[in-house]
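J.: Got a structure for you, questions after.
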Amino acid sequence: MGQINLKELIDRWANDPEFRKAMRADAEATLRREGAQLGPAEYRALRRVDWSLSDEEIQSRMSRFFI
Amino acid sequence: MQQQNWCQDSDIVLDTIIRYPLTMPVADRGVGGETAGACLHAVDEVMAGARSSIRATVSTPELQQLLEKAISGLEQQIAEDKALLPFVHLPLAVYRAVRGEEAPAMPLAVATTLLFLGIDILDDIADGDLPPHWHGVSLSEVQLVAATLLSSLPQLAVSQMNILPVAKTRMIACLSEGLLKMSGGQLHDIRGAGKSTIRPEEVESSVVHKSGEEGALIAMLAAHMAGVSEETAQLYGEFGRALSTSGQIATDCYDLFQAAESKDFANGSRTLPIVLHLNRLSEKDRKIFLTQLDEARHKKSTRALIQRELRAKGVLRLSAIIVEVYCQKAREVLDKLALATPERADLDHMINHVSFFSKREGAWDR
């Protein structure tokens, strides 16, 4: 069983369509199966991520906090 | 309860503004007439308060003029960009979370606005990127304005507040400690500018120690003003740090991917998304990308190319997730503070404004 961190997670997301499909179906189960090495706050943050959003949709939600 | 428009009276000076007794028990905080979003409309009052405080406390006309020019420049930026203003809304929201109302914290919002303005000017000087309203003013004079905004006006404002001496002492100490921490963060920033070998962890650390500490300082000032214990003030500081760190990374993402005119591309700034990508490239691809970054300082078509590459390599998504991690840290501090839902509403709204995944839960509307 492999171990991945946040950056590796995104590398897999960018390059592996099957991984993307699995994450969209059940992100938490996929991460546990992959043995993801994530801290508690990272895990809880990832639960809030809407994996069905495309990159364009995420981009459209960007806004400034600092002017 | 209607918000008092104290800033509209030109005779009001800073030391007559605060007349709100800090004796209202937390249990008796009024909810009639005030909505959780009342502080959303505070910006105009705070800017007017900033002008009033300068007129009341700065006796040198030439210095007053320069400081008012700085305020006008900030008002211009605010008018162009309807962002949430952490230097206005964060102190009000924290004070409200503790005391149930934000009106007594308006002078603090004035002080933190002046503080933010000083930091912003120094940032612009370091980036070689002073906005047009400073044309014709020497760099020495602009530096003097920044120094005055950082080192005297906020401190004077706090010393003149009608609050308990222990709160005043804590706020002054907090200001000094916070500014020292931010200086350290700014030094990292200055030394990192233009480097090709900076690591993502270093950039993230720089954001925490600069923007993060600014948020921590603002939140702690409000918490101390509201009379909380040192332990609780530290928790509010953690909240401010996490919120502002996520906010800065979110702002950097916005600048890179959404802004019509990207300052970071123009200045060659090595923000987190850029460094995340640089760090994963081979030596050969890194050299190509660095050349593209140089070209992107002046060429918009190269910017579009870089944006496409960053999206394709998952950098946009990774950056959004890192923002979410810090948003989650901020939420968890609010859980530790054990605030009831109405008390934490504005603070939650601020987190949701920053998060790219929580927009549906509440947008920040000025």
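J.: Give me the net charge for the shell around B:Phe87: Cβ to Cβ below 10 angstrom, other residues only, Lys and Arg +1, Asp and Glu -1.
T.: Result for the neighbourhood of B:Phe87: -2.
J.: What is the projected area of the convex hull of the Cα atoms of the stretch B:267-309, averaged over all directions, in nm²? All intermediate terms of the calculation are to be shown ahead of the outcome.
T.: Working: hull surface 10.9 nm².
Projected area, direction-averaged: 2.7 nm².
J.: Considering all alpha-carbon pairs of the stretch B:186-276, what whole percent are spaced by more than 22 angstrom?
T.: It works out to 35 percent of all Cα pairs.
J.: Which pairs break 20 Å Cα to Cα here: B:Lys168/B:Lys336; B:Lys69/B:Lys299; B:Lys263/B:Lys299; B:Lys210/B:Lys313; B:Lys287/B:Lys313; B:Lys263/B:Lys284?
T.: The answer is B:Lys168/B:Lys336; B:Lys69/B:Lys299; B:Lys210/B:Lys313; B:Lys263/B:Lys284.
J.: Same structure, new question: Note down the nm distance, to one decimal, between modelled labels 7 Å out along Cα→Cβ at A:Ala25 and at B:Asp44.
T.: Label-label distance for A:Ala25 and B:Asp44, simple model: 5.6 nm.
J.: Find out how many positive minus negative residues lie around B:Val207, taking Lys and Arg as positive, Asp and Glu as negative, among other residues whose Cβ is under 12 Å from that of B:Val207.
T.: Neighbour charge sum, excluding B:Val207 itself: -4.
J.: Calculate the spin-label point distance for B:Thr197 paired with B:Glu295, positioning each point 7 Å from the Cα along the beta-carbon direction, and give it in nanometres.
T.: That separation, rounded to one decimal, is 2.6 nm.
J.: Follow-up. Let me check I've understood the local charge: for B:Met220, count other residues with C-beta under 13 angstrom from its C-beta, Lys and Arg +1, Asp and Glu -1. What total comes out?
T.: Residues near B:Met220 contribute -3 overall.
J.: Something else about it: Mind listing P(r) for the protein assembly as shown? All alpha-carbon pairs, 20 Å bins, whole percents.
T.: Result, from short to long distances: 26, 55, 18, 1 percent.
J.: Here is a follow-up. Using the Karplus curve 6.51 cos²θ - 1.76 cosθ + 1.60 with θ = phi - 60°, work out ³J(HN,Hα) for each residue of the stretch B:226-232 in order, rounded to whole Hz, and write x for Gly and Pro.
T.: Ordered by residue, 3J(HN,Hα) equals 6, x, 6, 6, 4, 4, 5 Hz.
J.: Just from its helices, what would the mean residue ellipticity at 222 nm be for chain A, if runs of 4 or more DSSP H residues each count -39500 (n - 2.57) and the sum is divided by every residue, rounded to the nearest 500 deg cm²/dmol?
T.: Theoretical 222 nm ellipticity from helices: -16500 deg cm²/dmol.
J.: Another question, if that's okay. Please list, in order along the stretch B:338-353, the HN-Hα scalar couplings obtained from phi with the Karplus expression 6.51 cos²θ - 1.76 cosθ + 1.60 (θ = phi - 60°), rounded to whole Hz, x for Gly and Pro.
T.: Each residue of the stretch B:338-353 in turn: 6, 7, 6, 3, x, 6, 9, 4, 5, 5, 5, 4, 5, 4, 5, 5 Hz.
J.: Please report, in cubic angstrom per residue, the volume enclosed by the convex hull of the alpha-carbon atoms of chain A.
T.: 107 Å³
A short reminder: the numbers here are calculations on the coordinates, not readings from a lab. Please read all numbers here as calculations on a predicted model, not as lab measurements. Positions of Cβ are generated from backbone atoms using ideal geometry, with glycine treated the same way; all protein chains shown enter the neighbour counts.
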